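The structure appears below as structure tokens.
Just so it is clear, none of the values below were taken in a lab; they were calculated from the coordinates. These figures come from a predicted structure and were not determined experimentally. Here the Cβ positions follow ideal geometry from the backbone for every residue, glycine too, while neighbour counts run over all protein chains shown.
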Amino acid sequence: MENPFSLEPYTTKENFCDREQELKDIVSFLTNGSNITLISPRRYGKTGLIFRTFEELRKQHYTCIYADIFSAQNLDGFLKILSEAIINSLKEDSLIKNFFIALKNVRPLLSYDPISGIPQISFTFQLDGQKTLTLKSIFDFLEKQRKHIILAIDEFQQIRDFKETNIEALLRTYIQQLHHVKFIFCGSKKHLMTDMFTNAKKPFYESSRTCYIDRIDSKKYGVFIKKSFKKAGKVIDDEAVEFILEWTKRHTYYTQFVCNRVFAESSNKITLDTAKRVVTSILRIEAANFIERRNLITDKQWRYLIAVAKEGSISQPTASAFLMKYNIGNSASALKLLKALVEKELLLEQSDLNGKSYSVYNVFMSRWMESL
Ligand SMILES: Nc1ncnc2c1ncn2[C@@H]1O[C@H](COP(=O)(O)OP(=O)(O)OP(=O)(O)O)[C@@H](O)[C@H]1O
Ligand SMILES: [Mg+2]
């Protein structure tokens, strides 16, 4: 029996836990003319949710395109990824041909990755101005298909790193002119994403409904875990399920990973002891990675991280009791450490009605640091 706790963003509906309300909301917004912005910390399940959404939308005859622009450094890279994503989703040869005709000015060249068989495109730009025109041509091509198209751009915050200056405004202008193409913008850098979409001075302001993806409900996750083991002929005790959910802080990837390992390392009956044994072995293996990270930050930053890990989560990062307990220094230096660690994505900043709180981003690292 295949491990039901897949570590890929999305495999099947059966292996995907909940997100039913989010799915309903997203589908409803998209099919009624809104664009959607998905924001959550890393590894909560945004990309998985995009693929889950695509599955529903395809049933309603939408053409769905997924472009992950994480590796794009500039407009060239963006155009390449976007074009490859389009080619990948256009199954008919005649459409692919039309796409190439639409972009003929920049002489697109198609090749196939020898191993994966995935189509790859390269362009020849003679002038910089051709790049923005190509972007426009790509969107015009999609609009002209007279189909309902959903284009998901994952790691959208990346466009802020492009060396070209006005991409955000340009994209906004083009996107606004499209009626048959709706967008899912997705990203994990919350301050960047919120700035793009909720700052009145920024081009994308109010151009999309923002959907914050939270942790999966603990009851629902518990039921899902039990059911997944059961389907594979294994029984897991309630205490073991509760332990996994608590220990992984319900951060989806980590929860999923622990379940994956418990599945792999267990007989047909899983107890609390099995679960504890598995997390110990995960930390034993991961420790080497954490020690490597130790070399990339300063002593003070390292000590601050450990302090946060030991507290689990802190809401007053400069409170004198906390600083004294861990011998951190004054509140000004604590603030500096905090900022640097959030920037490096070693600390996760989250806000709710009570204000902001901080925890070690990597849950395994947090659990490991607790024991130092
Ligand atoms: N609803 C879910 N049910 C089960 N597993 C899930 C679910 N959502 C996500 N996962 C698991 O969590 C992991 C992270 O999911 P995903 O890659 O979608 O997160 P993400 O938010 O896009 O992360 P990043 O910001 O790093 O791109 C994957 O391994 C996936 O298997
Ligand atoms: Mg993702």
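Search the structure for amide H atoms under 5 Å from the amide H of T37, placed 1.01 Å from N in the peptide plane, and list their residues when 5 or more places away or on another chain. Answer set, sorted by chain and number: F185, R209, T210, C211. Here the simple spin-label model places points 7 Å from the Cα toward Cβ, and for E14 and E242 these points are separated by 3.0 nm. Set the Förster radius R0 to 22 Å, insert the Cβ-Cβ distance between N327 and E370 as r into 1/(1 + (r/R0)^6), and round the FRET efficiency to 0.05. Result of the calculation: an efficiency of 0.80.
Report for the chain the percent antiparallel among DSSP-assigned beta bridges with both residues inside it, nearest 5. If you can, show how the numbers build up before the last one.
Values: 11 of 33 bridges.
The answer is about 35 percent antiparallel.
Put in line by how crowded their Cβ is, counting other Cβ atoms within 10 Å and starting with the fewest, Y253, Y212 read Y212, Y253.
For the stretch 136-233, what is Rg from Cα atoms divided by 2.2 N^0.38 Å, rounded to two decimals? If you can, show how the numbers build up before the last one.
Numbers: Rg = 18.3 Å, N = 98, 2.2 N^0.38 = 12.6 Å.
Compactness ratio reported: 1.46.
Sorting the Cα pairs of the stretch 93-188 by distance into bins of 10 Å, from 0 upward, gives 13, 39, 42, 7 percent per bin.
The lysines whose alpha-carbon is closer than 28 Å to the alpha-carbon of K131, local same-chain residues fewer than 8 away aside, are K80, K91, K97, K104, K144, K147, K163, K182, K189, K201, K202. All C-alpha to C-alpha distances of the stretch 20-212, sorted into 10 Å bins beginning at zero, yield P(r) values of 8, 37, 38, 15, 1 percent in whole numbers.
Please identify every one of the GluC sites (Glu not before Pro) in the stretch 39-117 that sits in a loop by DSSP and has no more than 11 other beta carbons within 10 Å of its own beta carbon. Let's see the in-between values first.
Details: sites: E55, E56, E84, E92; in loops: E92.
Passing sites in the stretch 39-117 are E92.
Note: relative contact order over the chain, using C-alpha pairs below 8 Å and six or more positions apart, is 18 percent.
Around the amide H of F16, modelled in the peptide plane, lies no amide H under 5 Å away from a residue 5 or more places distant or on another chain.
For the chain, a simple Cβ point-charge model (Lys and Arg +1, Asp and Glu -1, everything else neutral) yields a dipole of about 180 debye relative to the Cα centre. Helix 299-311 axis versus longest C-alpha principal axis of the chain: approximately 70°, rounded to the nearest ten.
A full extension of the chain between S6 and S267 corresponds to an added length of 92.1 nm, given 0.36 nm per residue minus the alpha carbon distance. Between K91 and Q21, residue separation times 0.36 nm minus the direct Cα-Cα distance comes to 22.1 nm. Dipole orientation for the chain: of the candidates S116, L272, L348, L348 has the Cα lying most toward the positive pole (charges on Cβ; Lys, Arg +1; Asp, Glu -1). When only the Cβ of Lys, Arg, Asp and Glu is charged (+1, +1, -1, -1), the dipole of the stretch 137-288 relative to its Cα centre reaches about 380 debye.
Sort C186, C211, C17 so that the residue with the fewest other Cβ atoms within 10 Å of its own Cβ comes first and the one with the most comes last.
Numbers: C186 26, C211 18, C17 21.
Going from least to most buried by this count: C211, C17, C186.
Farthest towards the positive end of the charge dipole of the chain, among the residues Q73, T12, A200, is the Cα of A200, using unit charges on the Cβ of Lys, Arg, Asp and Glu.
Please give the length that would be gained between K339 and K104 if that part of the chain were fully extended, namely 0.36 nm times their separation in residues minus their C-alpha to C-alpha distance (nm, one decimal).
79.9 nm
Under the criterion of Cα pairs below 8 Å and six or more residues apart, the relative contact order for the stretch 270-372 equals 32 percent.
The charge dipole of the stretch 1-64, taken about the Cα centre with unit charges on the Cβ atoms of Lys, Arg (+1) and Asp, Glu (-1), comes to about 200 debye, rounded to the nearest 20.
Shape analysis of the chain based on the Cα gyration tensor places the equivalent ellipsoid semi-axes at 39, 27, 19 Å, largest first. Rounding to the nearest 10 and keeping the result within 0 to 90°, find how far the Cα-based axis of helix 167-176 lies from the longest principal axis of the chain. Value to nearest ten degrees: 60. Here the stretch 218-292 is described by how far its Cα atoms reach on the three principal axes: 39, 25, 17 Å, from widest to narrowest.
Quick one: go through the stretch 259-289 and flag any residue whose amide nitrogen is under 12 Å from the point 7 Å out along the Cα-to-Cβ line of V235. Flagged as within label range: 268-271.
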